[in-house]
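Written below as structure tokens is the structure these notes are about.
The values are calculated or read from the model by the stated rules, or taken from the named source; none is laboratory data. Please read all numbers here as calculations on a predicted model, not as lab measurements. So basically every Cβ, Gly included, is an ideal-geometry build from the backbone, and we count neighbours across all protein chains shown. These accessible areas exclude ligands, DNA and RNA; they are computed on the full protein's heavy atoms, side chains included. Shrake-Rupley method; radii C 1.70, N 1.55, O 1.52, S 1.80 Å.
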Amino acid sequence: MNVAVIGGGYAGMAAAVTLAAGRVPVTVYEAARTLGGRARRVEHRELPLDNGLHILIGAYAETLRLMRQVGADPERLLLRLPLAWRVHRRFSLEASSLPAPLHLLAGLMGAQGVPFRERLSATLFMIRMRRRGYALERDTSVQSLLQEQRQGPRLTRLLWNPLCVSALNTPPESASAQVFLHVLRDSLGGDHAASELLLPRVDLSRLFPEPAAAYVQAHGGTVRIGERVTAIESGDASGTAGFTVRTQSGPRAFTHVICALAPYHAGAFLMGAPALAEAAEAVEGLAYQPIYSVYLGYPPEVRLPSSMTGFESPLLQWAFDRGALSGQHGVIGAVISTSGPHQDLSQDALGRLVHQELQQHLGPLPEPLWCRVIAEKRATFACTAGLRRPGTRTPLPHFLLAGDYTASDYPGTIESAVRSGVNAANAILDCKP
């Protein structure tokens, strides 16, 4: 066996680590100069920023397991916070110390900022979903599910809708209720550890992809950064050279290929093979949603009320205090999920608007010293109701897909990317002589 992994994001590096641990020769090709894909480091003013502000949760079991495997200690690299959902001066929910699931139910009943009848309705909703195994007979939109379950307008606005947008990066009126319930099952509906929030203390490339690359190389694999794959040619998959992978440095033969590119890049390789027509059709049918990360550099004394602060705002969902998280004092990172009129603004105009909104919520702030907007216009697939997602295995023998868009319980998250990479690698290891 000799495996090519195309793409050095979280999915590709998870696959490579799993193969290297199984003593299978693996070569990772990453076109960019920085590992991580859509969750990678971006340098600005000699500061390591991220191209997307990500929140992990304790339920990300595979991500945490692989981090430990490659020597990236989660206890050192992640700030672990008990479940708390705070919208500045509007809403606050904190899990109690009771055993699960009572910790969440008590937290809902004691939430601040919404009337009692809405808290009771939310508690009953979670009880009903738990009894159903968080499963629906037929997928529908999150908005329809919340209306059917008679969730109150204030709690919907301050908890359910922001949670949907944060987790699925898709508006509630079109987001998949079934995937949303999977998120509830493994986060709010999980135990204390599963429902904890994990905030990165380092940039997203250092969090896993770079330690993963070191692990792969230490176990006999190769990671080729800055090398773009231009073609994948399939031959006799029963032979020792089932595929030829072509790059600017020349062709190389492999028995297996894991395509771990973003779906809009993977499609170019899928379209050429008749056996991959169904997977190509599923990928072509995906729509996308953006995530804008807006970084503002203030004087070092500027701080947020907490390391992560939510806002009831037409623009902002969350802001992160990079000083509290990673020692970048005065740097505030704000995240804007899904599409909206902000996409039509220049970087300077959007930075000014974010600064103005922060002032409206937090009070007077000094003028920012600098601004950096990082726009991932296709950050995630639109996780809509009834969406058909391609599987890991394809009809072309020994050609597999990995990525957060492949079929799973989860939306487009770091955990779903990691799980897909592990699944693709295990499919190969299962065939190992």
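Quick one: which residue in Asp344, Asp348, Asp321 is acidic (Asp, Glu) and open to solvent by less than 10 Å² (accessible area, probe 1.4 Å)?
Asp321
Tally the residues that are in contact with a Gly (Cβ under 9 Å, 6 or more places away or on another chain) and either open to solvent by 10 Å² or more (accessible area, probe 1.4 Å) or of a type in the set (Gly, Ala, Ser) (or both), restricting the search to region 11-23.
Number satisfying all stated conditions: 8.
Being open to solvent by 70 Å² or more (accessible area, probe 1.4 Å), more than 23 Å from Ala39 (Cα to Cα) and in contact with a strand residue (DSSP E or B) (Cβ under 8 Å, 6 or more places away or on another chain) narrows it down to one residue among Arg393, Arg388, Arg378; which is it?
Unique residue meeting the criteria: Arg393.
Being surrounded by fewer than 23 Cβ atoms within 10 Å (Cβ to Cβ), of a type in the set (Ser, Thr, Tyr) and under 22 Å from Trp318 (Cβ atoms) narrows it down to one residue among Ser234, Ser195, Ser174; which is it?
Criteria check complete, one pass: Ser174.
Using the structure shown, decide if Glu312 is open to solvent by 40 Å² or more (accessible area, probe 1.4 Å) and within 26 Å of the chain's Cα centre (by Cα).
So Glu312 passes the test.
Restricting attention to region 30-63, which residues are open to solvent by less than 10 Å² (accessible area, probe 1.4 Å) and either within 26 Å of Ser249 (Cα to Cα) or part of a helix (DSSP H, G or I) (or both)?
Answer for region 30-63, where residues must be open to solvent by less than 10 Å² (accessible area, probe 1.4 Å) and either within 26 Å of Ser249 (Cα to Cα) or part of a helix (DSSP H, G or I) (or both): Leu35, Gly36, Thr63.
Those residues that are closer than 17 Å to Arg45 by Cβ and open to solvent by 50 Å² or more (accessible area, probe 1.4 Å), I need them from region 351-375; list them, please.
Listed by number, the residues that qualify are Glu367, Leu369, Arg372.
Give me the pairs, please: first residue somewhere in region 342-357 and among the acidic types (Asp, Glu), second residue anywhere and at pLDDT 95 or above, beta-carbon distance under 7 Å, and either six or more positions apart or on two chains.
Asp348/Cys371
From Ala167, Ala135, Ala106, Ala175, which residue is under 21 Å from Leu83 (Cα atoms) and within 26 Å of the chain's Cα centre (by Cα)?
Ala167
How many residues, within region 290-303, are of a type outside the set (Ser, Thr, Tyr) and open to solvent by less than 20 Å² (accessible area, probe 1.4 Å)?
Number of matching residues: 5.
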